[in-house]
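These notes concern the structure reproduced below.
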Amino acid sequence: MTHPDSDPDEALSGQPPEHRAAGMRWGWFGAGLLIAGAAVAGWGHALRWSLVEEPSTGMNVMLLLAAGLLAAPVFAAVRLARMAALSEEHPRAVPDAVYSVRVWVVLAVLVVCPFALYGLVRLQRGFMGGLPEPGDVLFGLGLTFAAAGLAALGKGAVGLTARSLTSLCAGLLTVAAVAQAGLLAAETLPVEATTAVATDPSRTGPDPAPENATPASVSKIAWQWRPPNGGTVRHAVAAGGHVVVRLSDGVVALDSVTGRERWHYRRPGAAAVRLLAAPDGDMVAVEFARGSSMQEVRDRTVLMDAHTGGVISEQARGLLLNAAMTSYGFATAYADDGTVVGWDLRDIGEAAWSYRLPYECRPVSARSSGSESWHVNLRDVIALPVFCDQGVGVIALDPRSGDEVWRYEWPWPYDTPDIEVERAQDGSVLWLTFEDDDENASKEVVLTQEHGEDLGSTDSYGDAPAALTTDGYLTRSFEHVWERYRWTPYDGGEPKTAEPALESDSWEALRLEDGLLAARPVTKTVKEDTVTIETSMAGWGGTRPTNLSFDMGYDRTNAFESRKLYLLPVSDAVVVAYKDGTTVVGLT
């Protein structure tokens, strides 16, 4: 029995008033956690719904029911605080209200805890996969705090009889701070990155590319580099005066002289699916997508300074199909309606300009060994092969504005021709052939990228030259035991020949100042775990070639992907890489 002079609230709680203050604050603090957690979880669900994927109707219905159950304990807590003020008129109202709060808390916990566990699993998978979604982060953290708030609300229900705005706000601010920290962690924790120091510390832009840095010839293996953790080479480009290698989860830049790592940017768990380099070599773009075991996430595109590895921008979207990277942005061409669109460099979802072919012209799809797209990305222009009013030609666009820079036209009184296109490795010239098999007609032309100047034709007999530069072209014949390569200047100068000691199925050839470097991969059976690269450096004029061979390793991840050998002339070296190989080699 309660003493007539005792405090009824003390009898209800079992604690004197001076010890009851802490429980009272925890009750309202839990209410703050619950309210803010539910709001953050709803925000995260809306973000994922609008940006990533549309949830099922069943999921939406269950989340609405859970939201209603989360609101019930809050309303019960408010009702308890109001009943406490009327406790003298209704002495049983407070115990009944406390009981009601705890019942609603139990019911809400039974429903919310599975959702909180589901949210935490998505949160963990996002971080482990290297591409955490802000919506998943907010959803998981919000429901976790909502569950914690329910526990605090149920434990401190008696203390709700006295209102505490301070404790309520403390709970709200706690969730807000942790949610902000979670979003920050989603941007920084999944990334493993290092940067290099610029050659000139006082400069703010990229290092200028060294002039005439490609070696005149090569005769030895200067260095070998293996990807960490047994990784394989997926792609390689020359950029920043060095070589940038795409691995399964990111990119690594290697010093061309020493083979040491200059910088890297990796997202363990994610998949690096594309690597593009600007024609001037100052920037690279890397597209990341989810790994095979990850949940649905948005792709990421990271734009980096090729010299230092510094991140210029990061965007939560992937590159468009067949997008070409220029020094000012990205460009995509649509052959079905003859439209070319330029995209902003720092926001690839924002169109910077649009160009449509003139009415009398229509696009002509071209065969190319380097691209499947209609447009050809040269060093300073975007080239479009077209067929206009009984004439064939090329339209060159300025990648900054989409304006027409120059146009090349040639009469063609036949049907739409078949076109084959090749570009120089440095994007300086464009080689094209226009053919009509029915009329036995053909036209071959080599155009400079600056002004569309016609440099004439090659004697490659309809096959693409083995190599192109601004001053000449390389062709090959199989009249001898070994392949014979001939370098012919456009200005009619004396041709030069070289005979590398390789059989007639070599895959790549690179023209250097003192001779020709040819290379080919050799495998005995597709089951072997290594590929041997044979190289032959032959001087001009038939001098005896210097031969080198080295194992690249091999771990083919997709049997349907084509093999690719990379011969990359960079600063003071020629870098050799092989798709799915486990070694990168520098020759000097």
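The values are calculated or read from the model by the stated rules, or taken from the named source; none is laboratory data. This one's a predicted model, so the numbers in the text were calculated from it and none came from an experiment. Neighbour counts run over all protein chains shown; Cβ positions are idealised from the backbone, glycine included. Heavy atoms of the whole protein, side chains included, go into the accessibility calculation; ligands, DNA and RNA do not. Shrake-Rupley method; radii C 1.70, N 1.55, O 1.52, S 1.80 Å.
Kindly evaluate Leu110 against the criterion of being modelled with pLDDT of 85 or more and closer than 18 Å to Leu183 by Cα.
no
Given the options Leu275, Leu321, name the one that is among the aliphatic types (A, V, I, L, M), without any contact (Cβ under 8 Å) to a residue 24 or more places away in the chain and either over 21 Å from Glu404 (Cβ atoms) or assigned to a strand (DSSP E or B) (or both).
None of the others qualify; the one that does is Leu321.
Output the residue which, of all residues in region 317-358 that are aromatic (Phe, Trp, Tyr) and open to solvent by 60 Å² or more (accessible area, probe 1.4 Å), is nearest to Pro132 (Cα to Cα).
Per the criteria, the residue is Tyr328.
Go through region 108-139 and give me each residue that's of a type in the set (A, V, I, L, M) and open to solvent by less than 80 Å² (accessible area, probe 1.4 Å).
Scanning region 108-139 gives Ala108, Val109, Val111, Val112, Ala116, Leu120, Val121, Leu123, Leu131, Val137, Leu138.
Tell me the residue from Arg226, Arg246 that is of a type in the set (Lys, Arg) and without any contact (Cβ under 8 Å) to a residue 60 or more places away in the chain, please.
Arg246
Restricted to region 540-579, and to residues that are at pLDDT 85 or above and among the small types (Gly, Ala, Ser), which residue is farthest from Gly240 (Cα to Cα)?
Ser549
Among what's in region 291-301 and is charged (D, E, K, R) and open to solvent by 30 Å² or more (accessible area, probe 1.4 Å), pick the residue that is nearest to Thr194 (Cα to Cα).
Restricting to residues being charged (D, E, K, R) and open to solvent by 30 Å² or more (accessible area, probe 1.4 Å), the top hit is Asp299.
Looking at (1) of a type in the set (Val, Ile, Thr); (2) within 29 Å of Arg79 (Cα to Cα); (3) within 35 Å of the chain's Cα centre (by Cα), which is the only condition Val121 fails?
Status for Val121: all satisfied but (2).
Give me the pairs: first residue in region 425-436 and open to solvent by 10 Å² or more (accessible area, probe 1.4 Å), second residue among the charged types (D, E, K, R) and assigned to a loop (DSSP other than H, G, I, E, B), beta-carbon distance under 9 Å, and six or more apart or on different chains, which are they?
Asp426/Arg379; Asp436/Asp415
Report, ordered by the first and then the second residue, all pairs with beta carbons closer than 8 Å, sequence separation of six or more or different chains, a first member in region 71-83 that is part of a helix (DSSP H, G or I), and a second member that is of a type in the set (Lys, Arg).
Ala81/Arg163
Before we move on, is Gly393 surrounded by 18 or more Cβ atoms within 10 Å (Cβ to Cβ) and free of Cβ contacts under 8 Å to residues at least 40 places away in the same chain?
yes
Considering only region 302-316, state which residues are open to solvent by less than 10 Å² (accessible area, probe 1.4 Å) and part of a strand (DSSP E or B).
Val302, Leu303, Met304
Can you tell me which residue is least open to solvent (accessible area, probe 1.4 Å) among those in region 253-271 that are basic (Lys, Arg) and farther than 25 Å from Arg379 by Cβ?
Filtering region 253-271 for residues that are basic (Lys, Arg) and farther than 25 Å from Arg379 by Cβ, the one least open to solvent (accessible area, probe 1.4 Å) comes out as Arg267.
Go through region 342-366 and give me each residue that's of a type in the set (Val, Ile, Thr) and without any contact (Cβ under 8 Å) to a residue 40 or more places away in the chain.
Hits for region 342-366: nothing passes.
So which residues in region 272-290 are open to solvent by less than 20 Å² (accessible area, probe 1.4 Å) and over 20 Å from Leu254 (Cβ atoms), if there are any at all?
Those that are open to solvent by less than 20 Å² (accessible area, probe 1.4 Å) and over 20 Å from Leu254 (Cβ atoms): Glu287, Phe288, Ala289.
The rows are residues; the columns are (1) at pLDDT below 85; (2) open to solvent by less than 50 Å² (accessible area, probe 1.4 Å); (3) under 22 Å from Val531 (Cβ atoms).
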position	(1), (2), (3)
Ala181	no, no, no
Ala186	no, yes, no
Thr195	no, no, no
Thr204	yes, no, no
Gly230	yes, no, yes
Arg234	no, yes, yes
Ser248	no, no, yes
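From the set of residues in region 79-107 that are modelled with pLDDT of 75 or more and either within 30 Å of Glu192 (Cβ to Cβ) or among the β-branched types (Val, Ile, Thr) (or both), which is surrounded by the fewest Cβ atoms within 10 Å (Cβ to Cβ)?
Val106
Any residue at all in region 349-371 that's of a type in the set (A, V, I, L, M) and not in a strand (DSSP E or B)?
Yes, region 349-371 has at least one match.
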